[in-house]
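One structure is given here, and the rest of the page talks about it.
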Amino acid sequence: MRLRLNINGETREADGVWEGESLLYVLRERLGFPGSKNACEQGECGSCSVYLDGVLVCSCLVLAGQAEGREVVTVEGIAEGEELHPVQRAFVEAGGVQCGFCTPGLIVATHDLLGRNPDPTDAEIREALAGNLCRCTGYEKILDAVRLAAERMS
Amino acid sequence: MMIEQTEPATPTRERPDAPVTTPGKVGEHTERADGVPKVKGEFEYSSDLWMDGMLWGATLRSPHPHANIWSIDTAEAEEMPGVQAVLTHEDVPGRKVYGMEVPDQPVLAWERVRYQGEAVAIVAADHPETARRALEKISVQYEVLDPLTDPEEAMKEDAPRLHLSGNVLKRINILHGDVAEASASADVVVSGEYEVGMQDQAFLGPESGLAVPDGQGGVDLYISTQWLHLDRDQVADSLGLDPEQVRLTLSGVGGAFGGREDLSMQIHACLLALETGRPVKMAYNREESFFGHVHRHPAKMRYEHGATRDGELLYVKARLVFDGGAYASSSIAVCTNAATFACGPYEVPNARIESHMLYTNNPPCGAMRGFGAVQVCFAHEAQMDKLANELGMDPLELRIKNAVRPGIRFPFGQEVPPPAPVRVILERVGDMPLPEEEEVMGRDLRRLPGGVSNVTHGEGVRRGVGYAVGYKNIGFSAGFDDYSTARVTLSIEEGEPLVRIHTAAAEVGQGLITVEAQIARTELGVERVAVLQADTRVGSAGSTSASRQTYMTGAAVKQACEQVRARIFQKVREEYADEDLAIEDGDIVSGGESVVSLAELLGGEEIEETVEFHHRETEPLDERGQGNAHLQFAFAAHRAVVEVDTELGLVRVVEVATAQDVGKAMNPQALEGQIEGGIAQGLGLALLEEIQIKEGKIQNASFTDYLIPTILDMPSVRAEILELADPEAPYGLKGAGEPPTIASTPAIVAALRDATGRELARVPVKPEQIVGIAEKPPSEPPQPGSRGYSGIGHLDEREEH
C-alpha cells in the first residue's frame, strides 16, 4: 500500500508498504527516521515514543496504515533548528544518557510531560516516565535532567 | 590470498568523521562525547544500519531444549519469492563451532540441539516478514529427547552426556588452612543453602548488525559487540577466511553488561552476505534477544561458617553449583571467579570451597556484570547476617571485625594488595544518616510499597535496614595475557593542535571514549581531541568486560600520549629549551615561560605513536586453588532501606547508600551513573528479574514478563566515592562498573529480612516468600496463559500467516 503522512512538519510518502508494518518500522526502515528505537517492539519500553496528532504513543503499537494522513513528531523533530531543545540539553548536561538507546523515547516523553505540566513533582515525573525503561542509568540522572529542563523552561 | 591487504577493496560504507570534542581533563566533569547525537536521535546504533539493496536475515531456532535432528529440508523456503538464501550447517565453510573459551557451540546445529532457541538455519530475504515466513517453510525433523535441566543430575555418573567431554565443564577446589581442625574449635557454626535465579542483561539495543561483502571474498561487519577482535577471529574461523579478510567496525551499542561477549548474529549475517553478494542486516526482536545471548548463571550454594564467640571467623566451607547451560561461553572463568570470591572480602584463615560448573539443556549462561562474584556475595553476606544474629552482634560490626586488610592472604593464596579499604567503606555506609521515617498512614499512595495499585493504605508496612559488602577482580585473570592497543596522533589542523585517538575498545554506553579524550587532554595539554570509531584497523583493545577498559585502554592511551609528548620535547630540546618542559593550552612551556606553540613547532608534521599495554602477569590457580590469580580488586559496600508490606509481600526500596573505592574518579558524573545504574541491576536481581524456565523452556521472553526496574522501582542513591590510589594503576584508578551490582542485591535482601524476620534464601525474592507462603517459588512456575507466550516453545511453528 501507499502511505502518506506528515512527519516533523513535512509530508512524506512510502510505497509498497506491507499492511502488517508498524509505524515504527516505516519511520525507521522506509522514511529515514531511525531515531525512534526498537528495544522491545511490544509497547513495554517506550523507546519508540512519538507524537501522533499531538498524543504520545508507542510507534511500535501503531499500524503504519493508522498513521495515514496524520501528523507525527519524532525525536528528530524535537530540536529547534540547530539548537537543542532544553529537554535535550538537560539530558546531556545532567548525565541522563549512557548507552542512549532509551534516550529518544525519554526525550519525547519528557517533552510531553513538561508540555502538560511545566512544574512536575518527583512523584509526577516518576509516574509520567514509568513507561520508559532504561537499563544503564538507574534513573537518578534522568530525574535530574527532567528537573533541570523544567527549571529552565519555566 | 592477499593477506597484507587490510583495507577493503571497495569502501563498503563511508567512515563517519570523528567528532572533535572539548574540554575536560582527568577528574573534571566532562560531558559525554556522544551525548548530543544521542539526544537528537542521530546516533547510529547497529539496528539503525541501512544500505541500498540490503537484505534481511532471520534465524530458525530449535523449539526443543534437547533433540536429535534427523533432517532439514529447505526446498520450500528457497522457492518463496523474495527469498535469496537459505543456509544450514552444510553451508558453513570453516569451523562449524565457535566459543570464547571452548569452541563447542555450533554456528548452525547439526545432528543435535542442546537448548531451546539454538540456531538451526538462516534465511536472507528482501523484507523481514518474508524472511520470517520463509523460516516457517523450513522443515526440520526432530527426535525430541528428555532435557537434562538440573545441574545436580548432570553431575551423576549415569546422566546422559551432553558433550563428548562429559557434563562437567569446570571444577575448582580451593583448600586453604585446615578446615577440619578449625571446625572442631568453632564456638558458633551457621549454615545455609542459597539460590540465585537466572538474570538477563536486558540491554535495550537488540543484537543486530550489517554485513557487507567486499566483492573479493571478504566481508565488512558493522556490529555492536564488547570485543571486536575476538568476534573477528571467531567469524573468520567459521567463514574459512583469513582474519584480514574480515573487517569489523563498531556500530552504536545499546548497552552490553556482558551479554555481547558471545557471538549472536555475527557469523550468520556474514554467511548470508557472502552467499548472496549483498549487504545483509540482522536485528533480533526482544523475544529472540532472550534466546540470542547468554544469561547470568543460576546458582545453588551451600555454606557453613564457623567463628569464635567474639565473632572472629575461623573457617568457611562452601559448595557452589552453577548451571552453565548448553554451551561453554565464559563459564570456566565464572567458575574460577566464584571460587575465589566465595568467602567475601573477609579474613578467613581456613576455607574449603568447591565450585562446580555443569552443562545442562538450559539456556547457555555466561558473562553478566559481576561475573561469578554476584552469586557468592548473595550467599556469603546472608551467612554473615546469620552469624551476627547467632552471636547477638551488630551485622556491621561483625563485618568490620573480619574485613580484609592489605598484607594478609585471600583464601586463594594471593596477598591482599593495598589499598583494600573494606573496613573504611563499611564504616562510611554505617555513618551515613538514615533517610527519615515517613508516616505511612495517609501518605501519597505513590510512595507506598506497590504504589497506586496497592490495596492497603499501609497498615502492614514495616521498615528494614540491611548491609552488605562485596568485591570483584578488575581485568582478566588467571594467566591471561590481557592487553589493549592505542594509537595517538598529534597534528595541526586549521592552525590548532588536534589529537586523534584510535583504539578498538568498545564504547557500550559507559563513557569510555570520553575518558580517552580526557586522558589525551591531560597528557598532551591540547584541548581538541577526536576519538575515531573503534574498528579492527588497529590492534586489539581486549574486551569491554571485567570493568577493565578505563584501566587497560586508559593506560594504553596514556602511554601513547606520553610517547608523543616525549617526541615533542625531543624536538623542543633540539631547537629551543630543555628545562622543566610542559605543554599547556597548546604551547610548550619551559620553566613557566612559553617558548613555542605546538602549531609552530609541528607545522605540517604529524606525530603518531602506537602502544600495546599489557597488565602485570597473573597466575592460574594450582590444584589446591592457590595462585596470584587477579590483577586488581575493587570493593563496594551498600546499605539498603526498604519498606515492606508484610501482608501483601510488596516492597518499596526507600534508599540505597553506598561507599565505593574507585582509586580515581576519572569523570565524576559518569562514575555516579555507573554506580546508580549498577545498583539498579542489583535491585532487579533482588526483587524482580528472573528468566523462568520449565523443562528447559523459557517462560517469559518479553519485557511484559521479565521485569526490569522502572523509574518507579528505583530509589535515590546516596553515594560516597573514595579515591584511594592503586599505585600500579593509571592515575591510581580502579575499575568501577561492576562493584555496584555485587553487594546491592544482598543489602536489599538483608533489609527485607530485617523487616520481615524471614530467611529469604533465594533471589529474586517474590511476594510469596515475603509473606511466608513459600520459602521458594513453586518448582513448576505458573504457565502464562496468553496465546502469544504458549507459542514461545514453537518458534518455527507459529500461526501468524
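Where a number appears in this text, it was derived from the coordinates with a stated rule and is not lab data. Source: prediction; values computed, not measured. Cβ sites come from the backbone with ideal geometry, for glycine too, and all protein chains shown count toward neighbours.
Dimensions of chain B along the principal axes, based on C-alpha atoms and rounded to the nearest Å, stand at 77, 74, 59, largest first.
Of B:Phe341, A:Phe33, how do they rank once you tally other Cβ atoms within 10 Å and put the fewest first?
Details: B:Phe341 29, A:Phe33 22.
Fewest-to-most ranking of B:Phe341, A:Phe33: A:Phe33, B:Phe341.
For chain B, what's the relative contact order in percent, using C-alpha pairs closer than 8 Å and at least 6 residues apart? If you can, show how the numbers build up before the last one.
Numbers: 2060 pairs, mean separation 127.7, N = 801.
Taking the mean separation of contacting Cα pairs over the length of chain B, I get 16 percent.
Over chain B, dividing the summed -39,500 (n - 2.57) contributions of all DSSP H runs of at least 4 residues by the number of residues returns a 222 nm mean residue ellipticity of -7500 deg cm²/dmol. Normalised Debye scattering of the protein assembly as shown at q = 0.09, 0.10 Å⁻¹ gives log10 I(q)/I(0) of -0.97, -1.22, counting only Cα atoms as equal scatterers and leaving out solvent.
Report the convex hull volume per residue for region B:263-361, counting only C-alpha atoms, in Å³. Mind showing how you got there, number by number?
On the way: hull volume 13.1 nm³, N = 99.
Enclosed volume per residue, from the Cα hull, is 132 Å³.
The magnitude of the dipole of region A:1-108, with charges of +1 and -1 set on the Cβ of Lys/Arg and Asp/Glu and taken from the Cα centre, is near 120 debye. Label zone (B:Arg309, point 7 Å along Cα-to-C-beta; backbone nitrogen cut-off 17 Å) within region B:340-355: none. If the segment from B:Glu723 to B:Arg537 were pulled out straight at 0.36 nm per residue, it would be longer than the present Cα-Cα gap by 63.4 nm.
Here the peptides B:715-724, B:381-390 are ranked by packing, the mean other Cβ count within 10 Å, and the order with the highest first is B:381-390, B:715-724.
With the alpha-carbon atoms of region B:483-614 aligned to their principal axes, the span from lowest to highest coordinate is 44, 28, 21 Å, starting with the largest.
Using 0.36 nm per residue and subtracting the Cα-Cα separation, the extra length available between B:Glu575 and B:Glu437 on full extension is 42.7 nm. In loop segments of region A:1-86 as defined by DSSP, the GluC sites (Glu not before Pro) with at most 14 further C-beta atoms inside 10 Å of their C-beta are A:Glu19, A:Glu68, A:Glu82.
Compute the Rg/Rh shape ratio of region B:307-426: radius of gyration over Kirkwood radius, all on alpha-carbon atoms. Before the final figure, lay out each step's value.
Details: Rg = 15.5 Å, Rh = 15.3 Å.
Rg/Rh: 1.02.
Compared with the rule-of-thumb size 2.2 N^0.38 Å for a compact globular protein, region A:86-153 has a Cα radius of gyration ratio of 0.94. Which listed residue (B:Ala124, B:Met357, B:Gly82) has the Cα farthest towards the positive end of the charge dipole for chain B, taking +1 on Lys and Arg C-beta and -1 on Asp and Glu C-beta about the Cα centre? The residue sitting farthest along the positive end of the dipole is B:Met357. Taking θ as phi - 60° and the Karplus parameters 6.51, -1.76 and 1.60, the scalar couplings of region B:643-656 work out to 10, 10, 7, 6, 8, 9, x, 9, 10, 10, 7, 7, 6, 10 Hz in sequence order, x denoting glycine and proline. Note that region B:332-349 has calculated 3J(HN,Hα) couplings of 5, 5, 5, 4, 5, 4, 4, 4, 6, 9, 4, 8, x, x, 10, 7, 10, x Hz, one per residue in order, obtained from phi through the Karplus relation 6.51 cos²θ - 1.76 cosθ + 1.60 (θ = phi - 60°); glycine and proline are x.
For the residues of B:25-38, the average number of beta carbons from a partner chain within 10 Å of their own beta carbon is 4. Other protein chain C-beta atoms within 10 Å of residue C-beta, averaged over B:498-509: 1. Charging the Cβ of each Asp and Glu at -1 and of each Lys and Arg at +1, and nothing else, the dipole of chain B about its Cα centre rounds to 1680 debye. Report the paramagnetic label zone for B:Glu78: residues of region B:109-153 whose backbone N is under 14 Å from a point 7 Å from Cα along the Cα-to-Cβ axis. The answer is B:122-124, B:138-139. Partner shielding of B:711-718 amounts to 6, given as the average count of beta-carbon atoms from other chains within 10 Å of each residue beta-carbon. Per 0.36 nm of contour for each residue apart, how much would the distance between B:Ile773 and B:Glu617 grow if the chain were fully extended, relative to their Cα-Cα spacing? Gain on stretching B:Ile773 to B:Glu617: 51.0 nm.
Mean separation of Cα pairs under 8 Å and 6 or more residues apart, divided by the residue count, gives region A:55-154 a relative contact order of 37 percent. Largest first and in whole Å, the equivalent-ellipsoid semi-axes of region A:3-77 read 16, 14, 11, each the square root of five times a Cα gyration tensor eigenvalue.
Judged by the mean number of other Cβ atoms found within 10 Å, the most tightly packed of the peptides B:704-711, B:245-252, B:230-237 leads the ranking B:245-252, B:230-237, B:704-711.
Report note on the peptides B:605-618, B:151-164: ranked by the mean count of other C-beta atoms within 10 Å, highest first, their order is B:605-618, B:151-164. Amide H contacts of B:Asp187 (H built 1.01 Å from N, in plane; Pro and chain starts excluded): B:Ala307, B:Thr308, B:Arg309 sit under 5 Å, all sequence-distant by 5 or more or on other chains.
About the centre of its Cα atoms, region A:86-153 shows a dipole size close to 200 debye [charges on the beta carbon of Lys, Arg (+1) and Asp, Glu (-1) only; nearest 20 debye]. Within a straight-line Cα-Cα reach of under 18 Å, B:Lys156 can be paired with the following lysines, leaving aside sequence neighbours fewer than 8 residues apart in one chain: B:Lys170, B:Lys300. Going from the fewest other Cβ atoms within 10 Å to the most, the residues B:Thr336, B:Thr741, A:Thr11 appear in the order A:Thr11, B:Thr336, B:Thr741.
The H on the amide N of A:Leu63, modeled in the peptide plane, is under 5 Å from the matching H of A:Leu23, each at least 5 residues off or on a different chain.
What's the local net charge at B:Glu79, with K and R +1, D and E -1, over the other residues with C-beta under 15 Å away? If you can, show how the numbers build up before the last one.
Values: positive: B:Arg133, B:Lys137; negative: B:Asp73, B:Glu76, B:Glu78, B:Asp126, B:Glu136.
Every neighbour counted, the sum reads -3.
For region B:559-573, 3J(HN,Hα) computed residue by residue from phi via the Karplus equation (6.51, -1.76, 1.60; θ = phi - 60°) reads 5, 5, 4, 4, 5, 4, 5, 4, 5, 5, 5, 4, 4, 5, 4 Hz, glycine and proline entered as x. Distant-in-sequence amide contacts of A:Ala79, defined by a placed amide H-H separation under 5 Å and a gap of 5 or more residues or a different chain, comprise A:His85.
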